[in-house]
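The values are calculated or read from the model by the stated rules, or taken from the named source; none is laboratory data. If you're wondering where the values come from, they're calculated on a predicted model, not measured in any experiment. Methodologically, a virtual Cβ is constructed for each residue, glycine included, from the backbone with ideal geometry; neighbour enumeration extends over all protein chains shown. Side chains included, ligands, DNA and RNA excluded: accessible areas come from the protein's heavy atoms. Shrake-Rupley method; radii C 1.70, N 1.55, O 1.52, S 1.80 Å.
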Amino acid sequence: MPNALVSETSPYLRQHADNPVAWLPWGEAAFERARREQKPIFLSIGYATCHWCHVMAHESFEDPTIAAIINAHFVPIKVDREERPDVDRVYMTYVQALTGHGGWPLSAWLTPELKPFYGGTYFPPTDRPGRPGFPSVLQGIAQGWADERDKLVAESDRVLGLLREQGQRATGAVPSAAEEDLTEPAGEAFEKAYQYLYENYDASHGGFGGAPKFPRASNLNFLFRCAVVQGLASETGREAVEMAAATVAAMARGGIHDHVGGGFHRYAVDEGWFVPHFEKMLYDQAQIAVNALDAHLYTGRDAYAWVARDIFDYVLRDLTDAEGGFHSAEDADSPIAGTQAHAEGAFYVWTEAELRSALGAEADLVVGHFGVRADGNVPAALDPQGELRGKNILKQVASIVDTARAHHLAPEEAADRIATALEKLRAVRASRPRPLRDDKIIAAWNGLMIGALARGATSPAACLDDKREFYREAAERSARFVERELYDAGRGVLHRTYREGRGAQEGFAEDYAAMGAGLLDLYEATFDPHWLLWAERLQQTMDEQFWDEAEGGYFSSAAGDTALVLRLKDDYDGAEPSANSLAASNLLRLAGALHDDRHRRRALRTLAAFRSRWLGAPYAVPEMLCALERALEPPRQVVIAGDPRSPEFAALVAVVREAPRRRRALLAAHPELESRAPWLSSMKKIDGRAAAYVCEHYTCQAPVCTPGDLRELLA
């Protein structure tokens with residue numbers, strides 16, 4: 001008989017609706033039951049496309065014996081971390097402090113007052129040497145609650161107190177922050193972060209550190225900006241570009257890249273980007289696409305723009321809702337064709353025989369180019385569960401030039417034939433059972449994707465010329481979807497998710513920050529003032545709901561949620577950029593576009609609030625360092641007067657976008673903006689021609705009308 005999760009809309013919660021565990025969703029009904037029965041809460045947090053969440057579900061939550069122990073001694077609560085990142089952040093912080101590591105599934109035991117007193121991640125179903133199984137853990141905790149409840153509660157209070165103190169130390173009271181106060185420490189932080197990345201760079205495989213390898217887009221964003229600050233021709237500038245671009249190239253060659261269907265998997269278990277954890281997340285697609293577009297901009301190599309195109313093709317084909325929003329993810333696991341079994345990567349891997357059957361005469365070309373072997377190409381050490389035995393993960397092991405030479409072809413012909421072969425494989429693969437798609441639409445992740453597509457629409461890469469309008473329209477469709485379905489215009493409030501209707505949960509700081517960033521990028525792609533003005537309205541709501549007036553910076557969740565035992569500030573730029581890093585950049589971009597010093601002052605207070613963090617561990621906050629770079633630069637703008645649809649307007653805009661440069665707000669003079677930016681009213685066409693005004697420190701040079709003259713001003 002289904003449990004209480006059957007009425008939830010979250011795909012993750014519904015996955016557990018038929019468990020014998022009597023799951024309840026996070027909410028007052030569950031809390032009240034725990035208080036009434038004086039039972040501890042067993043909190044399990046995961047997400048729909050999480051491989052190890054599936055493993056623990058099959059091993060433990062579907063087991064009637066284990067479920068009986070849970071139901072007898074605990075009030076079990078399930079949380080989708082993507083719906084409630086605030087709840088996840090609180091208990092993940094606790095588990096990391098307790099165990100030194102974190103991950104999903106997250107398992108935590110709470111008092112009826114929601115205070116954690118024990119936790120971990122995945123637990124095996126039986127005892128193993130040196131590691132108790134899940135039933136033993138459950139029975140031990142139940143016994144401890146019965147016999148030593150006071151000690152458990154006291155320890156919970158002690159740890160929560162330490163976490164509060166730690167959070168308070170992360171930011172200090174900063175009533176004001178002058179720009180000059182940040183200059184010297186910012187230089188120190190940039191140098192320390194750069195040195196850390198330089199020393200941890202894997203020159204053989206790209207990326208930083210060893211296995212497992214994660215695509216951490218903020219690292220590459222920081223390196224590209226270092227190159228501009230230091231000078232593209234300087235030794236440091238060249239090194240920074242090389243590390244960032246080579247990492248994108250290595251990922252694109254690796255098995256973490258889905259060569260057949262496009263897009264990138266979550267991470268690789270090895271140092272060479274070969275064997276992935278196969279789930280695909282929307283936020284990865286958005287950020288890696290931006291990294292690839294930057295790699296093209298900084299190197300001029302078309303191959304990087306093709307990587308971005310590949311990602312966009314995947315997202316627009318497989319992760320786009322009919323109404324315009326973008327879905328969250330695709331699972332790592334899927335059914336094995338012709339069986340009842342599931343396996344990680346089953347949808348993506350190939351036997352050599354399958355490839356040869358699908359490709360016929362072209363098979364030799366693909367087999368050699370992607371390292372396919374008759375006995376499979378995955379080493380046993382990278383396949384501990386044996387799910388990939390005899391299978392092949394496609395990884396480019398030879399360059400197009402070498403493959404062409406081996407088959408006596410011109411490189412262009414070899415590339416075309418490989419592309420055709422991959423299209424055939426995609427058609428064959430389409431007949432396999434697909435992984436679960438989590439079709440939940442998340443505001444923050446849509447903001448990241450809107451920004452990426454806007455960047456794709458404005459990239460100077462020639463290979464994107466036929467797609468620009470398509471990308472621009474897709475970004476606008478998503479923005480309109482979010483505005484229509486997830487935004488309460490009367491209150492100025494975003495909601496977090498959409499699936500079968502708007503979710504009840506209002507947005508978190510990350511939703512406002514990521515959507516604001518996406519809208520600012522979309523404005524620069526379309527010059528529609530609506531997107532700029534909406535971005536500012538979202539920033540205003542973020543300021544009202546999340547700003548810490550005493551110490552600066554933004555809390556992750558709004559005030560007033562009594563179910564949160566900690567109110568935290570997010571400052572770690574990990575799989576996604578933190579809300580504080582994005583907000584600081586957004587505020588500075590708004591200040592530059594609208595000449596509103598209130599935004600700039602708040603950005604500076606945000607950066608100053610996290611000064612101890614970016615000084616002590618700058619490699620943890622590379623996106624915040626990018627915001628810091630913006631703060632230390634004088635406000636710069638390029639304003640173009642004229643019809644944005646005209647070729648002469650487009651020619652001037654193209655100059656601004658053609659090469660890496662210092663930060664500049666890019667604006668189109670428009671009457672609708674003049675109420676917020678009266679200074680734009682003086683920007684007019686010259687003799688009927690589109691004109692560009694280059695401004696710095698709120699002073700503008702004489703307007704120019706030709707691309708050549710504008711290029712000279714920007715040099």
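Observations on the model:
- Bins of 10 Å from zero: percent of alpha-carbon pairs in segment 1-122: 14, 49, 34, 2
- Alpha-carbon radius of gyration plus Dmax, which is the widest Cα pair, for segment 457-594 in Å: 16.0, 53
- In this simple spin-label model, placing a label point 7 Å from the Cα along the Cα-to-Cβ direction at both residue 198 and residue 342 gives a separation of 4.7 nm.
- Rounded to the nearest 5, the antiparallel percentage of DSSP beta bridges internal to the chain is 75%.
- Placing +1 on the Cβ of every Lys and Arg and -1 on the Cβ of every Asp and Glu, with nothing else charged, gives the chain a dipole about its Cα centre of roughly 180 debye.
- Ranked packing of 229-239, 412-422, 511-521, 475-485, most packed first, by mean Cβ within 10 Å: 511-521, 475-485, 412-422, 229-239
- With pairing defined as another cysteine C-beta under 4.7 Å, the cysteines of the chain that fail it are 226, 463, 626, 705.
- Percentage relative contact order, segment 662-715, counting C-alpha pairs under 8 Å, at least six apart: 21
- Every helix of 4 or more DSSP H residues in the chain counts as -39500 (n - 2.57), and over all residues that averages to -15500 deg cm²/dmol at 222 nm.
- Convex hull of segment 493-566 built on C-alpha atoms - directionally averaged projected area, nm²: 6.2
- Packing order of peptides 280-289, 685-694, 464-473, 604-613, highest average first: 280-289, 604-613, 685-694, 464-473 (average count of other Cβ atoms within 10 Å over each peptide's residues).
- Remark on segment 416-506: hydrodynamic radius 15.8 angstrom, per the Kirkwood mean of 1/r across alpha carbon pairs.
- Over segment 318-435, accessible surface divided per residue gives 48 Å², non-protein components excluded, 1.4 Å probe.
- Unit charges at the beta carbon, dipole of segment 600-715: most positive-side option, 670, 634, 652: 634
- Per-atom-type breakdown for segment 265-380 gives carbon and sulfur 50% of the accessible area (1.4 Å probe, protein chains only).
- Here the average projected area of the convex hull drawn through the C-alpha atoms of segment 584-689 stands at 7.8 nm².
- Equivalent ellipsoid dimensions for segment 516-642 as semi-axes, Å, which come from the Cα gyration tensor, largest first: 25, 18, 13
- Across the chain the C-alpha pair distances fall into 20 Å bins from zero in the proportions 17, 50, 30, 4, 0 percent.
- Here segment 224-349 is described by how far its Cα atoms reach on the three principal axes: 58, 37, 20 Å, from widest to narrowest.
- Placing dummy labels 7 Å off each Cα toward the beta-carbon, the span from residue 131 to residue 646 is 6.7 nm.
- Percent of Cα-Cα distances greater than 26 Å, calculated over segment 138-273: 53
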